[in-house]
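Trainee: Handing you this structure, nothing more for now.
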Amino acid sequence: MVAPIDWELAATHVNGHACKGVPTTFIRPPMAKLYFNYSTMNAGKSTVLLQASHNYIERGMQTYLITARFDNRAGEGRIASRIGIGQDADTFAAGEDLFAKIKARIDDGPCACVFIDEAQFLDRDQVWQLARAVDDLGVPIMCFGLRVDFQGNLFPGSAALLALADEMREVRTICHCGKKATMVIRQDEDGNVLRDGDQVQVGGNESYVSLCRRHWREAVGD
Ligand SMILES: [Zn+2]
């Protein structure tokens, strides 16, 4: 369940100043900010991202979508939501210079907003690169990512974004009890709750369930 959040904020900055007759290259959002939209698993953050990007496209503006790269295929990524919509995206790898990447995209043509999915996988340097891109290139950047891992620890990218973002919003979902879910458990294929393991698990048969803190503590036996 996705509660309404004001993801249109960045768009309204642009929309409010979208001067008619001005070449699109001169349309720059006057209030570029670094946004962090955080959530737990399965809260619909990719859906929110794709909808926000679509709002720009609908107004005749261009966006730049980037998601995490987990294999060697350079550039080829896709942001997909569980409700069935998706969009091709560029990718970022560990250690890649995102200021340079975004600058190259902007030099290539107008870009009203940059969207980054799986932002929890950014490293601290990359979050600083995003902050510089906002400040020095004047482009709004909206990051979407998980706040904590299955052990209740902040992801590196999320820790840096919590420190550096200008605006933060929570994409909400609920626990089975109806309270807001802020935590996540990792389960093996038989439904056993996993307490140990790498923070990032790619391609396994694990599944994730989002819970409120009390039910997370019950599930992990804490
Ligand atoms: Zn609960």
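Trainee: Given the options Ser81, Leu122, Leu98, identify the residue whose Cα lies farthest towards the positive end of the charge dipole of the range 56-158 (+1 on Cβ of Lys, Arg; -1 on Cβ of Asp, Glu).
Mentor: After comparing all options, I get Ser81.
Trainee: Moving on to the next point. Net charge near Lys179: determine it from the other residues with C-beta under 14 Å of the C-beta of Lys179, scoring Lys and Arg +1 and Asp and Glu -1.
Mentor: +3
Trainee: Modelled label-to-label distance, Arg78 and Gln51, 7 Å Cα→beta-carbon offset: nm?
Mentor: Taking the two extended label points, one gets 2.2 nm.
Trainee: Can you give the local net charge around Gly44? Use residues other than it whose beta-carbon is closer than 11 angstrom to its beta-carbon, Lys and Arg +1, Asp and Glu -1. It would help to have the intermediate numbers written out before the result.
Mentor: Values: positive: Lys45, Arg82, Arg172; negative: none.
Overall, the nearby charge balance is +3.
Each reported figure results from applying straightforward, stated rules to the coordinates on display, with no laboratory input. Note that the coordinates shown come from a computational prediction; the quantities given were computed from them, not determined experimentally. All Cβ positions, even for glycine, are placed from backbone atoms using ideal geometry, and neighbour counts span all protein chains on display.
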